[in-house]
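Below you'll find the structure, written out as structure tokens, and then a few comments.
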Amino acid sequence: MATVLSVSGSPSATSRTGRLLRHLDQRLIAQGHEVVPLDVRTVPAEALLGADFRHPAIVEAAELFARADGIVVGTPVYKASYSGVLKALLDLLPQYALAGKTVLPLATGGSVAHVLAIDYALRPVLNSMGATHIVQGWFTLDKDITAHEDGSLTVAPGAAEALGQVVDQFSTALGRTPHLAAAS
């Protein structure tokens, strides 16, 4: 199957966004995909904020994007947009880092007032980076995600069903998107 890069754009180590992505990663693995997690918060701040394109962590992140067939991008919504740490990483990737890729945008937030952040803030950036196919994204309310002390996660039934559908559509789209060989 495909290699999927699962990118958490949350600056928090205990975020619902990151936990939700790792939860959805398991569904993709069960469908036969190889999933590589990337928590942007682990990329050194000096590399991100100093726009150090040659920093080993930035080079490694760019290589992860290049090797992936599909990308899941998850972000908490802050002030009606995706996170600043995610923006900092996307700014340091090559202009067409998503060329030939199928992308699933996901967002979490405290209010349905932010539901359009995927379509009006994140999707245009993903499109400008050359994504071949951006599947229907999904916004999940924070109240629908419960993280337990043992590390497990519970997603409210309606949200879990919707997330399952978008992940399955992404998985199906991965099978239909031709893998483009990287330019030498």
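Yes or no, residue by residue, for (1) over 24 Å from A68 (Cβ atoms); (2) at pLDDT below 95; (3) hydrophobic (A, V, I, L, M, F, W, C):
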{"residue": "V85", "(1), (2), (3)": "no, no, yes"}
{"residue": "A99", "(1), (2), (3)": "no, no, yes"}
{"residue": "L104", "(1), (2), (3)": "no, no, yes"}
{"residue": "T108", "(1), (2), (3)": "no, no, no"}
{"residue": "L116", "(1), (2), (3)": "yes, yes, yes"}
{"residue": "T177", "(1), (2), (3)": "no, yes, no"}
{"residue": "L180", "(1), (2), (3)": "no, yes, yes"}
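Of the residues making up segment 157-175, at least one is of a type in the set (F, W, Y) and part of a helix (DSSP H, G or I).
Are there strands (runs of 3 or more DSSP E) fully within segment 31-140 with at least 3 residues that are without any contact (Cβ under 8 Å) to a residue 40 or more places away in the chain? List them. Here the list reads 34-39, 102-109. Of the residues A45, A80, A68, A57, only one is open to solvent by less than 10 Å² (accessible area, probe 1.4 Å), over 18 Å from I145 (Cα atoms) and more than 11 Å from the chain's Cα centre (by Cα); which? A68 is the lone residue from the list that is open to solvent by less than 10 Å² (accessible area, probe 1.4 Å), over 18 Å from I145 (Cα atoms) and more than 11 Å from the chain's Cα centre (by Cα). Given the criteria touching a strand residue (DSSP E or B) at 6+ places or on another chain (Cβ under 8 Å), modelled with pLDDT of 95 or more, part of a strand (DSSP E or B) and open to solvent by less than 30 Å² (accessible area, probe 1.4 Å), does T154 qualify? No, not satisfied. Scanning segment 152-166 for residues that are within 18 Å of S15 (Cβ to Cβ) and either touching a residue at least 24 places away in the same chain (Cβ under 8 Å) or charged (D, E, K, R) (or both) yields L153, V155, L163. Looking across segment 108-124 at every residue that is farther than 24 Å from A156 by Cα and within 13 Å of the chain's Cα centre (by Cα), the one that is least open to solvent (accessible area, probe 1.4 Å) is identified as L122. Of the residues in segment 85-101, not one is among the polar types (S, T, N, Q) and touching a strand residue (DSSP E or B) at 6+ places or on another chain (Cβ under 8 Å).
Candidates are the residues of segment 141-151 that are part of a strand (DSSP E or B) and not polar (S, T, N, Q); the one that is farthest from T14 (Cα to Cα) is L141. Checking G50, G100, G74, G70 one by one, the residue that is on the phi > 0 side of the Ramachandran plot and not acidic (D, E) is G100 and no other. Being under 16 Å from the mean Cα position of the chain (by Cα), modelled with pLDDT of 95 or more, over 17 Å from G70 (Cα atoms) and surrounded by fewer than 21 Cβ atoms within 10 Å (Cβ to Cβ) holds for only one residue in D91, D144, and it is D91.
The values are calculated or read from the model by the stated rules, or taken from the named source; none is laboratory data. Treat the numbers as computed from the prediction; the structure is a model and nothing was measured. Every residue, glycine as well, gets a Cβ built from its backbone with ideal geometry; the counts of neighbours run over all protein chains shown. What goes into the accessible areas is simple: the full protein's heavy atoms, side chains included, and nothing from ligands, DNA or RNA. Shrake-Rupley method; radii C 1.70, N 1.55, O 1.52, S 1.80 Å.
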